[in-house]
Amino acid sequence: MTAQAHTLLLFGATGDLSRRMLLPSLCALHAEGLVPEDLRIVGTARSEMSDGEFRNFSRDALEKFLPAERRGGVADFLNRLHYQQLDVTTPEGYKELAKQAGPGEDVAIFLSTAPSLFKPTIEGLQAAGLAGEGARISLEKPLGNDLASSCEINDAVASAFPEERIFRIDHYLGKETVQNLLALRFANLMFEPLWRSQYIDHVQITVAETVGLESRVDFYDDAGALRDMVQNHMLQLLALVAMEPPSSFSANAVRDEKVKVLRALRPVSADEVVTGQYRGGASSGKIVPGYDEELGRDSDTETFVALKAHVDNWRWRGVPFYMRTGKRLHERVTEIVVQFKSVPHSIFEGAKMSANKLVIGIQPTENVQLNLMAKVPGIDQEGMVLRPVPLDIAMPDAFSGKVKRIAYERLLLDLIHGDQTLFVRRDEVEAQWKWIDAIRETWAKEGITPRTYAAGSWGPSAAIALAERDGVSWHE
């Protein structure tokens, strides 16, 4: 699909995601002249608002969440905005929405609503003529809580929109450094020949948060860390690391290779996974309560998961992928670590050798660091002294004049222009859920429950043992 949309419908336009991410992203794109001049943005939600009230709401959001240096042309941007009150469960309201949106052939629709509302919303859109041949729809997670519910949602969407017009969002794919992983691998000859089990010892993927429940109490207690983070963000990162070179940088070519990786994931055994739940402690310099205290009741929901995964194909046979994620951890960091094997033979007698390591930082800082062995300057009669030296590329420094973007900017722009490359296809989602469901079945069968860990730590001690029994230490 290459047709450009001329109307963007934002469902859930008064919600938290819209305030923090969507409206600021669209304003930033407008300021840089990246969206079509005639693009109309129509917000809709249950709240009663006039166009003027929605624009005032949007102005407040921009002042709070968009840096001042990126607020160019705010007045012109606000003039793009329109509003239509809608209860998505009431079919009659869609007629007025259709009048606001204009012809349904060039409409891009962004659903930021509860998954339980997807089906009535899609039925309403279809009945109002807003699911025409040029219309496309974007879905914000969660897309179900297991394979069965995910299939139910996908079936509902597919009843009105074909796969080539469905844009499933994983906002990690909009992050610059995640996209840069593709450039690093496939635009540099030095990496791809080494990107295999013959030269790589293991891979680590860490998504650590210092926050607790915040405003996501009900959702998080129902989901837990495995379904909230591993099922989507972390498995997408793993797929990008492990995928074969696609034939081109096109939506289907890239996603064909990702889904092959997801289908090659070996089922995780009980001794390859550790779960945890945080208790009170010190986090970010403050004393914080435990999960059960924040929740206000006892719960067996995991706030931490560490596991060892394997991709059973020729390229990755025998290479473990260690993944960990959790809340109230020691540090906020998202990174991928590719640990290469040691040289097969050292000619430097007595020198302490360290294997090469590639660290791809995603947040809070975007950087790529490659650790190499180098000679320490000076004269030493006892032999050459070596030391690891980091080659550090900080992305903001490497590209002067480039601003740090919100991940949703890239994704919203691609939705408007109809490019699905950075969106998730149905078979990917279902392969991810199949693997996650098997882990949860193992927990139930083996009676695995979360171990406790102190807020501000790196999780349960068993997570450290998970890696160290293989002679591996987590990168910290």
Relative contact order [Cα under 8 Å, 6+ residues apart], the chain, whole percent: 18
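Taking Rh as the Kirkwood radius, which is the inverse of the mean 1/r over Cα pairs, what is the Rg/Rh value for segment 63-198? Before the final figure, lay out the partial values.
Details: Rg = 19.7 Å, Rh = 18.1 Å.
Using only Cα positions, Rg/Rh for segment 63-198 is 1.09.
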Relative packing of peptides 246-257, 415-426 - highest average C-beta neighbours within 10 Å first: 415-426, 246-257
Debye intensity ratio I(q)/I(0), log10, the chain, q values 0.06, 0.09, 0.10, 0.11 Å⁻¹ (C-alpha model): -0.30, -0.67, -0.82, -0.98
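For ASP76 and LYS99, what is the calculated FRET efficiency with R₀ set at 25 Å and r taken between the beta-carbons, to the nearest 0.05? Please list the in-between numbers first.
Values: r = 24 Å, r/R0 = 0.95.
With R0 = 25 Å, the Cβ-Cβ based efficiency is 0.60.
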Point-to-point label distance, ALA148-LYS445, nm (Cα→Cβ direction, 7 Å offset): 1.8
Cβ charges +1 (Lys, Arg) and -1 (Asp, Glu), total dipole of segment 143-284, debye: 380
Global form of segment 303-346, assessed from the alpha-carbon gyration tensor, a/c cut-off 1.5: oblate
For the chain, with +1 on Lys and Arg beta carbons and -1 on Asp and Glu, the positive-most of HIS82, GLN432, ALA61 along the dipole: GLN432
Spin-label zone in segment 202-216 - amide nitrogen under 18 Å from a point set 7 Å from the Cα of GLU293 along the C-beta vector: 210-215
Accessible-area composition of the chain, carbon plus sulfur, in percent [1.4 Å probe]: 51
Electrostatic dipole magnitude of segment 7-140 [Cβ: Lys, Arg +1; Asp, Glu -1; Cα centre; debye, to 20]: 280
Partners for LYS404 among lysines (Cα-Cα distance below 23 Å; same-chain residues under 8 apart left out): LYS64, LYS175
Length-normalised contact order for segment 7-140 - Cα pairs under 8 Å, 6+ apart - percent: 31
Paramagnetic reach from ARG405 (point 7 Å along Cα→Cβ, amide N under 17 Å) across segment 163-207: 169-184
Amide proton proximity set for GLU302, modelled H, under 5 Å, gap of 5+: ALA225
CD proxy at 222 nm, helix term only [per DSSP H run n ≥ 4: -39500 (n - 2.57); per residue of the chain; nearest 500]: -9500 deg cm²/dmol
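At a 10 angstrom cut-off on C-beta neighbours, averaged per residue, how do the peptides 45-57, 157-169, 322-334 rank from highest to lowest?
The peptides rank, most packed first, as 322-334, 157-169, 45-57.
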Long-range tail of P(r) for segment 7-140 (Cα pairs > 22 Å, %): 32
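Is the C-alpha gyration tensor of segment 145-226 telling us rounded, prolate or oblate? Criteria: a/c under 1.5 is rounded; beyond that, a/b larger than b/c is prolate, otherwise oblate.
Taking the square roots of the gyration eigenvalues as a ≥ b ≥ c, segment 145-226 is oblate.
Send over a whole-number figure in Å² for the accessible area per residue of the chain, probe 1.4 Å. Working shown, then result.
Working: 21360 Å² over 476 residues.
For the chain, the solvent-accessible area averages 45 Å² per residue.
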Potential lengthening between MET384 and LYS260 on full extension [0.36 nm per residue; Cα-Cα distance subtracted]: 40.1 nm
Lysines whose Cα lies under 20 Å from that of LYS434, excluding same-chain neighbours fewer than 8 positions away: LYS141, LYS258, LYS260, LYS308, LYS445
Spacing of the two label points (7 Å from each Cα toward its C-beta) at ALA183 and ALA253, in nm: 1.8
Virtual spin-label span in nm between LEU117 and VAL376, 7 Å along Cα→Cβ: 6.3
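The values are calculated or read from the model by the stated rules, or taken from the named source; none is laboratory data. Source: prediction; values computed, not measured. Reconstructed Cβ throughout: ideal geometry from the backbone, glycine too, with neighbour counts over all protein chains shown. Areas reflect the complete protein model, heavy atoms only, side chains present, ligands, DNA and RNA absent. Shrake-Rupley method; radii C 1.70, N 1.55, O 1.52, S 1.80 Å.
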